[in-house]
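The values are calculated or read from the model by the stated rules, or taken from the named source; none is laboratory data. Here the structure is a predicted model, which is why all the values come from computation and not from measurement. Cβ coordinates were reconstructed from backbone atoms using ideal geometry, including for glycine residues, and neighbour counts include every protein chain displayed. Each accessible area value is taken on the protein alone, full model and side chains, heavy atoms only, with ligands, DNA and RNA left out. Shrake-Rupley method; radii C 1.70, N 1.55, O 1.52, S 1.80 Å.
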Amino acid sequence: MLSKSWQADRGNLGTDFLATDHFAVATLNSEEESDPPTYKDAFPPLPEKAACLESAQEPAGAWSNKIRPIKASVITQVFHVPLEERKYKDMNQFGEGEQAKICLEIMQRTGAHLELSLAKDQGLSIMVSGKLDAVMKARKDIVARLQTQASATVTIPKEHHRFVIGKNGEKLQDLELKTATKIQIPRPDDPSNQIKITGTKEGIEKARHEVLLISAEQDKRAVERLEVEKAFHPFIAGPYNRLVGEIMQETGTRINIPPPSVNRTEIVFTGEKEQLAQAVARIKKIYEEKKKKTTTIAVEVKKSQHKYVIGPKGNSLQEILERTGVSVEIPPSDSISETVILRGEPEKLGQALTEVYAKANSFTVSSVSAPSWLHRFIIGKKGQNLAKITQQMPKVHIEFTEGEDKITLEGPTEDVSVAQEQIEGMVKDLINRMDYVEINIDHKFHRHLIGKSGANINRIKDQYKVSVRIPPDSEKSNLIRIEGDPQGVQQAKRELLELASRMENERTKDLIIEQRFHRTIIGQKGERIREIRDKFPEVENSYSISVPIFKQFHKNIIGKGGANIKKIREESNTKIDLPAENSNSETIVITGKRANCEAARSRILSIQKDLANIAEVEVSIPAKLHNSLIGTKGRLIRSIMEECGGVHIHFPVEGSGSDTVVIRGPSSDVEKAKKQLLHLAEEKQTKSFTVDIRAKPEYHKFLIGKGGGKIRKVRDSTGARIIFPAAEDKDQDLITIIGKEDAVREAQKELEALIQNLDNVVEDYMLVDPKHHRHFVIRRGQVLREIAEEYGGVMVSFPRSGTQSDKVTLKGAKDCVEAAKKRIQEIIEDLEAQVTVECAIPQKFHRSVMGPKGSRIQQITRDYNVQIKFPDREENPVHSVEPSIQENGEEAGEGRETKETDPGSPRRCDIIIISGRKEKCEAAKEALEALVPVTIEVEVPFDLHRYIIGQKGSGIRKMMDEFEVNIHVPAPELQSDIIAITGLAANLDRAKTGLLDRVKELQAEQEDRALRSFKLSVTVDPKYHPKIIGRKGAVITQIRLEHEVNIQFPDKDDGNQDQITITGYEKNTEAARDAILKIVGELEQMVSEDVPLDHRVHARIIGARGKAIRKIMDEFKVDIRFPQSGAPDPNCVTVTGLPENVEEAIDHILNLEEEYLADVVDSEALQVYMKPPAHEESKAPSKGFVVRDAPWTSNTSEKAPDMSSSEEFPSFGAQVAPKTLPWGPKR
C-alpha cells in the first residue's frame, strides 16, 4: 500500500515538473535568446529555516501530529492438507478439474488470494492472503470443500448450549471460523444434549476442546486447572488415552487434556469436589513421578521419515508408548527441524530408540525411468492399472511428477522392489507397442474438433483406441498430441487433419436482420427459407432431431469398432451424437439436412426394433390437446411414461398440424400407456379440471405407499390422476391433481385428510428387547433411515448403548408412527424367527456365485430377505500330511479323545452361512446352489488363442461379459488347444457357440491375410521415383487407394535402388504395377529443353505464391524449373514434358517475356528522371536550457553539474558514495 501511494505522488511530481518544463520552453521561445531567464526565476529557492520556525507558532494542523506507523491490513496464512485427507487426490493433472473450480469460487466469494502447491508427500500446501476476515472465511471454505470431512459428537449439559452459541450467535461463528469446522447445536425443543462437529480431524479436536472448556466454566460443579508441561501430557493420557479414561471412569471427573495441535499446557478437571481432588492428586502424582524418573535423548531423523515414525493417525507413536513407556516428540510438519526427542525412563530409552529407527527405516524410496507421456497409460483409466499394484502392496506410495521422465516409489523395501519390477515391465511393454505424434491445428478449430459435449473427439478416441490431448483455450496453443497404438495414431492424425482442412474452407457469416422481418423471411410453414436452403445446398444445414433409444441398444447401434454408426453417418451424410456411457440420457441427436436426418432416424429405429420385442403404436389425438397432455415442463407425460415402464411417447412438432402420437416400448407397456393416454385425452376433451395441493416432500413416499399402493387406491376410487414432483422439479412441495371436477375434488379431499393427519405430530413409544437394538442402529442406522423414508420422516430413537432400557421412542405423524411401529414389530418377529442354515459350495466357486460386485448375492438377499455370510478365504487349502508324533512313548493323542476328520465332510472355508426365516433360508440355499458354475471344454487351435484374448484381454473380456461366463485360456508354454468355459449351465451353450463363431471369423481373417500378403516387385529407374510419388505423395496415394495395396520405395542405403515393392491381393498388385509402368512409359516419352529467359521477368511469370506458373504448368501439362539464386546462368529456365507440349509452353513463356520486358525497360527509363532523396543539412547543436546568474557562473567555487555523471544525476535505487557539494547535503 505504501509503494502504491509513493508511485501516485511520484506521478504527480512528474506532472508538475513537466508543467514547469513546458512553461520554461514557452518563455524561451517568446523571448530573445540573448536574454534567458535568471536561475532564481527558473528554480525558486525553498523557504528558509526561520520561516519554518515562524510557521510553527501557528495552530497545529492535521500534519503536525506524529504519524503513526501503518499496519499492514493484508495477512498471509499457510496450512497443509495431508494426502489421506485430500478430497480430490485422484486428478489426472494438478491445477485442473473440480479442485481448481472450487478455488476460483472461494477467491471470488471471499476476496482472498489462494496459492496451491503439491508437496513431495502429495499433501496440499495452501497459502491464503488477504484481509483477516477474508482469510478466515476462505480457510473455512477450503477445509469444508477441499478436505475430507470427519464428524464427532461432544456431550455437554443442555443448559450450557446457549453459552456456546453466545450473543446473537457470535461466539459460535467465531469458534467455527477459528477451528474451520461446522458446529451443529440441537434446537431448544430437541431433548438431545449432543453437539455435532464436522471438519478435519485437527479442527474437530480444537473445537471439541473449546466446547468442553466453555461447558466446564459454566458447570456448577467444581472446576480446577492444573498446569502440566506439554511434554508430559502423553504419559498422563496413556497409550490410546487409556490411563486418563480409567481415571475419569473411577473418579467420575471430566478431564480435558488439550490435543497435541493446541498449544496449551493446562489440564481442566470438572466434577464433584472430593472426586475431583482425587483425580487431580492422581495426575499430579503421575506428573511428579515422571518428572523425577524420566530423561530425554534427542536423535536426528530425516524429515521425510517422520511420517513413518508417527504412523497412520499417530498409531506408531501410541504403539511405542504402550510397549516401552517412552513418549516420542516429533517436530510439527511446518518446522524444518529433524530432531526427534524421546522422553522416558533411562532403561527403556534404548528399546524405544531401536523401534523409532526401525519404523523410520522400514520404508525405502526408489525410482523408475519412464517417459512422462506414458505416465497416464501406466496409471490406466481411473487408476485401474496402478490399482492392481497398490492392491497387492497397499503400503507402497507411487508418485508421478508432471514433466519428469521418472516415477518415484516409496514404501517397505521388499514391496518397493516388487512394485518397481512390475512398473518396469509395464514401461517396457508400453514403449514397444505405443507411439505418439504431435500435429499443428489452429486453436480456433479445436472446439469444432472436440464437437458437442466431446462427441467428435470421443468417437475418434474410441474408434482408433488412442488418447488425444487438446490444449485448453486459455493456452492459445495449436499443438495437439495423439498417443496410442502406432496404426491408430496415424489414422487419428489423418482424420483430424482432414477435419481441420475441411473447416479451413468453410466460412460463417452473421447477418443482422430486425426481428419483425424474421417471419416474412421464413415464410408460411417455412416455405421461403426452405427454398433458399434448396437453392444453396452446399451451405451447411443445422436441422436437428432427437431420437430416444433404450440405453441397452446403444452399443448395437455403434457396432463393432463403430462400424454401424460410421456407415449410417456416411450414407445419410449426417452428424450423429450419442450420449456418454456413464450418462443417464437415452437420446441420440442427429444433425444435418431434414431429409437426411429422417433417413438416419429410421435406420436407427429399425436396428432397435430388430433387436428387441419393441412395439410401436400410433394413436390419433387432436393436436390442440397435445400441449395440455404434455403438461407444464412435461410433468404429465413424464408421469405416464414412468408408470408404464419407461416407454417413449413422441408428439409431432408443434405447428405441423399432425394428430399422430407415437408410443414405443415393450408390447405390454405400450398398450398400458395407450390406454392411459386415450383416457386422459377423453377427459381433457370433455372438461379437464386441475388443482394443486402442497405437502412436505418427506410425506410423498408415505402418500404414494409401498409399490404405489395407496395412491393407486385413491386414483381407482376417484378416477383422478395425481402427479408428484420429479427430482429435478424446483417446487418439491407441489402435488397436481387432474381429471373431471368432481373426481378432482374427491381426490383432493382424501389427500388433504391424509396430509392433515401427517401434520398432527405425536410421540409414542414401544418396547424392543435390547438384544435386537444393534440390528436397527448398525451401518449408521440404515434400517432406521429406511423406516423414516418410507413412513413420512418419522423419528425413531433407541436408548443409548450401554443402558439396558428397552423403551424405543417414535415421533411423527400419527399414521406414520403407527405404520412404523408395525414395521418395527415385523422386523423383530423376523429376527426372533431367524435360523441359520449352512450351504456347502467349494471355495473356488464363491466369486462366481457372488457375481460382478456381489450383484447375485445382493439379489438373493433382497428376494428372500435373508443374510448371507461367506467364509474367509483359505490361503493354502491343501493341508500337508505330517507323520504322527510320539509323546512320552505313546502315540500322539493316545489316552485322550481324538477328533477324526471325515474326509467327505466340507471344509470350513467352503461353508456359506444363511440367516433368516427357515423357509426363506431353504429357498435362498436352493438359489445359491443353482448359481454354482459348470465347466465344459472347447477345442480351439493354439495359434488362434492370442487373437481370442485380444489386445490387453479385451476380446476375451467382451465374450465373458456378453455370455456371463468365465473363459480360461491355457498358458502359452502348455501349447494346449483346450479352452475351458465355466459358468451357469444356461449360459454355456451360448458361450460355446459364440466362441466357435469367433474361431471361424479368425480363420477366415487368416486366410484373407495370407491372400493380402502377396508381394510383387517392379524395376523402375530411380530418376522417375519423385514423379511416381507426386507432389506431397498425391500420385502414389491415389494408386494405393484405388488398388488397395501398399507400395514401398527403396531406402537411401538400399542396394536395389530401382526396385519398388507392391503388397496386396495378387490381382490388385498387378493392376497397381500396370498403373506405375504406364506413368513410367509417359515419363520416358518426355523431353527437357532449356530456354534463355531474362531473369528480370522471372518473378512476374512465377506470380504471387507461384499461382501464375502453376496455371501455365497445368494448362500445358509440363514441368517448368527456374534457376536458383547464385546459378551460373540466371536466365536459363528448363521446361520438361511431351515434345509438342514443351514447344507450346516455350512459345507462351517467350511471349510473356516480351510483354513483361517492355514494362521493365519503361520503369528503368523513368528511374533516370526521378529526383534522388535530398539529405537534410545537419543542424547546429542545440544550446539546451540556458539560465542567467546560476551559482556556478558567480565567483564562488561552485561549478555546473555534470550531466553525464552518475553521482550528479544518480539512477533510482543505485548506491552512490556520499560527496560534499555546494548544493548542500544529500537527502
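Brief remarks follow.
- By average C-beta atoms within 10 angstrom, highest first, the peptides 528-535, 585-592: 585-592, 528-535
- Global geometry of the stretch 1067-1173, whether rounded, prolate or oblate, following the gyration tensor of its Cα atoms and the 1.5 cut on a/c: prolate
- Prolate/oblate/rounded label for the stretch 124-204 (Cα gyration tensor, a/c 1.5): oblate
- The 3J(HN,Hα) values that the Karplus relation (6.51, -1.76, 1.60; θ = phi - 60°) gives for the stretch 350-365 are, in residue order, x, 4, 5, 5, 4, 5, 4, 5, 4, 6, 5, 9, 6, 10, 10, 10 Hz. Gly and Pro appear as x.
- With a Cα cut-off of under 23 Å and a minimum spacing of 8 residues unless on different chains, the lysine pairs in the stretch 350-445 number 11.
- Burial order of peptide ranges 430-436, 321-327 (average beta-carbon count within 10 Å, highest first): 321-327, 430-436
- I912 long-range amide H proximity, modeled H, under 5 Å: C839, A840, I841
- For V835, net neighbour charge (Lys/Arg +1, Asp/Glu -1) across residues whose Cβ lies under 9 Å away: +2
- Shape category assigned to the stretch 360-460 from the gyration tensor of Cα positions, a/c cut at 1.5: prolate
- Under 5 Å, built H, 5+ apart or other chain: amide partners of R86: T148
- Amide H within-cut-off set for I75, under 5 Å, with H built and near neighbours excluded: G130, K131, L132
- Mean Cβ neighbour count within 10 Å, used as a protection proxy, ranking 143-153, 826-836 highest first: 143-153, 826-836
- Estimated FRET transfer efficiency (L1152, D462; beta-carbon r; R0 56 Å; 0.05): 0.50
- Building the convex hull from the alpha-carbon atoms of the stretch 203-257 and averaging its projection over directions returns 4.3 nm².
- Rounded Å value of the spacing that divides the Cα centres of the stretch 789-850 and the stretch 391-405: 44
- Cβ-placed point charges (K, R +1; D, E -1), dipole of the stretch 921-1002 about Cα centre in debye, nearest 20: 320
- Under Karplus coefficients 6.51, -1.76 and 1.60, residue-wise ³J(HN,Hα) of the stretch 817-830 in Hz, glycine/proline x: 4, 4, 5, 5, 4, 4, 5, 5, 4, 4, 4, 5, 4, 4
- Table column - 3J(HN,Hα) (Hz), the stretch 39-46, Karplus curve with 6.51, -1.76, 1.60, x for Gly and Pro: 4, 5, 5, 6, 10, x, x, 6
- Given in Å, the Rg to one decimal and the Dmax to the nearest whole number for the Cα atoms of the stretch 276-379 are 19.0, 68.
- The accessible-area ordering, largest first, of the residues F553, F776 stands as F553, F776, per a 1.4 angstrom probe.
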